[in-house]
Amino acid sequence: MLKNKNVVVGVTGGIAVYKAVDVVSRLKKLSANVNVIMTKSAAKFVAPLTFQSISQNYVVTDMFAEPKTWDIEHISLAQKADLFLIVPATANIIGKIANGIADDMLSTTVMATKAPVLIAPAMNTNMYNNPIVQRNIDILKRLGYKFIEPVSGRLACGDYGKGKLAEPQDIVNEIINLFKSDYSKDLEGRKIIVTAGPTQEPIDPVRYITNHSTGKMGYAIAKAAKNRGAEVLLISGPTNLSAPDGVKIINVVTANEMYEAVLNNLKDADIVIKSAAVADYRPKNKSDVKIKKSDDDLNIELTRNPDILYEIGKIKGNRILVGFAAETNDVLNNALKKIKKKNLDLIVANDITQKGAGFKSETNIVTIIDKNGNYKSLKKMTKEEVADVILDKVVDMILKKEG
């Protein structure tokens, strides 16, 4: 998948260095050629020999070490790179690059490269949220540097918050998407609405009805569509995810809010991909105060929420409409009924009882069905890979429509 691609990996000093070893290993398995530059601090955490063994290329650690080739090393690597990855990226290296400081092999090589630079920060949450660090990140983003956001969790120092290095597979997926964006702009000029995540239907100020959706599938579709040149509007229920770079987002909570957001923006859309897990019902009467526990059972009367897909299907015109069907039984028949009733062009169906499919999973196992009943069952894939297969189908439909 990354055959003949040259990835230069800059590794800086932090406890997350061990994850960079995994990233390099995954890149090699995808047939990338990987060269590693380590700062002196990084070499205190993991020996350069580890990266050398996995990358199968010698590791550069010292700007003034005896060169292994006749080239001027930092210039040679800078010119060789198709992509420059910095993982983990400390506040120090982010600050150096943002302010044009080149005082070691890594910072010097970054200054000399014309390749895209992807930065994966990892640091204490207070450091990450420091306004100076955020200013430096903003400077680099405006200059075209790419970032893969750190995630929230328990940090090595014991604090809890945003600052953990993104998972190695997520970093590799981002690299794959960046390379795809170089040659695949098959959705350029298209406007796409993607819905994602769950909705929450309030019972009282404390409680609500929801489901297990994390929004990962919809966010992966939005990101992949943006990478392929589309103008993307992401309408999202509550999640813990950050909007992909360049994607406009409207945050909603309830099914009614999502319904209104979709219809208000529908006129400009060429494609609607509705992957959100919208609650079918909501409490008929919401209490304005917390319902106190008593010795009696509690009965909540539910009423139907608007069926967003059905309503779009009635007025879709020439738009391409894609829906999702998360099922627990009779998957194909249920999906076929849905595609007909709601006037869909494609439906993506999955059995959420399967391991590695559905909610709270990094992967998915889906069957994609078109309006003529033709279907293709996919093996277990990452949600990013599934997103691209869905978009491939959408592009095929566009080409057939436009002749």
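No lab work stands behind these numbers, since they all come straight from the coordinates. None of the values given here were measured: they were computed from a predicted structure. All Cβ positions, glycine included, derive from the backbone under ideal geometry; neighbour counts span all protein chains shown.
Worth pointing out:
- Karplus-derived 3J(HN,Hα) values for region 80-92, using 6.51 cos²θ - 1.76 cosθ + 1.60 with θ = phi - 60°, are 5, 5, 8, 8, 10, 10, 10, 8, x, 9, 7, 4, 5 Hz; glycine and proline are entered as x.
- Fewest neighbouring Cβ atoms within 10 Å first, the residues Arg319, Arg154 line up as Arg154, Arg319.
- Shape call, region 247-339: gyration tensor on alpha carbons, a/c limit 1.5: oblate
- Look at (i) 43, 26, 18; (ii) 49, 28, 19; (iii) 47, 24, 19: the one that is semi-axes √(5λ) of the Cα gyration tensor in Å derived from this structure is (i).
- Whole-Hz ³J(HN,Hα) from phi, Karplus 6.51 cos²θ - 1.76 cosθ + 1.60, for region 112-119, glycine and proline x: 8, 8, 9, 6, x, 10, 10, 10
- Charge dipole (Cα centre; +1 on Lys/Arg Cβ, -1 on Asp/Glu Cβ; no other charges) of region 185-402 amounts to roughly 340 debye.
- Beta bridge orientation in region 185-402: antiparallel %, DSSP, nearest 5: 40
- The amide H of Gly153, built 1.01 Å from its N in the peptide plane, has Gly161, Lys162, Gly163, Lys164 as neighbours under 5 Å, considering only residues 5 or more places off or on other chains.
- Share, in percent, of DSSP beta bridges within the chain that are antiparallel, nearest 5: 30
- Fewest-first ranking of Tyr160, Tyr128, using other Cβ atoms within 10 Å as the exposure measure: Tyr160, Tyr128
- Among residues other than Arg26 with Cβ under 11 Å from its Cβ, the summed charge is 0 (Lys and Arg +1, Asp and Glu -1).
- Remark on Gly10: its backbone amide H falls under 5 Å from those of Ile37, Leu85, Ile86, Val87, a criterion applied only to residues 5 or more positions apart or on other chains, H modelled at 1.01 Å from N.
- Spin-label model distance (nm) - Asp103 vs Ser76, 7 Å beyond Cα toward Cβ: 2.7
- Relative contact order (%) - region 185-402, alpha-carbon pairs under 8 angstrom, separation at least six: 19
- Separation between Cα centres of region 84-141 and region 216-249, rounded to whole Å: 24
- Projecting the Cα atoms of Phe324, Ala277, Gly95 onto the dipole axis of the chain, where Lys and Arg carry +1 and Asp and Glu carry -1 at the beta carbon, places Phe324 farthest toward the positive end.
- Taking 0.36 nm per residue of sequence separation and removing the Cα-Cα distance, the Leu378/Lys340 pair yields an extension gain of 11.5 nm.
- Burial ordering of Lys216, Lys286, fewest other beta-carbon atoms within 10 Å first: Lys286, Lys216
- Comparing Cα centroids, region 1-50 and region 277-319 end up 49 angstrom apart.
- Label-point gap, in nm, between Asp159 and Lys400 - each point 7 angstrom along Cα→Cβ: 5.4
- Close amide H pairs (under 5 Å, H built 1.01 Å from N) link Tyr208 with Ile203, residues at least 5 positions away or on another chain.
- Mean ellipticity per residue at 222 nm, deg cm²/dmol - from DSSP H runs of n ≥ 4 across the chain, formula -39500 (n - 2.57): -10500 deg cm²/dmol
- Put a dot 7 Å past the Cα of Lys29, heading toward its Cβ, do the same for Asn318, and the two dots end up 4.5 nm apart.
- The mean sequence separation of alpha-carbon pairs under 8 Å and at least six residues apart, normalised by the residue count of the chain, gives a relative contact order of 10 percent.
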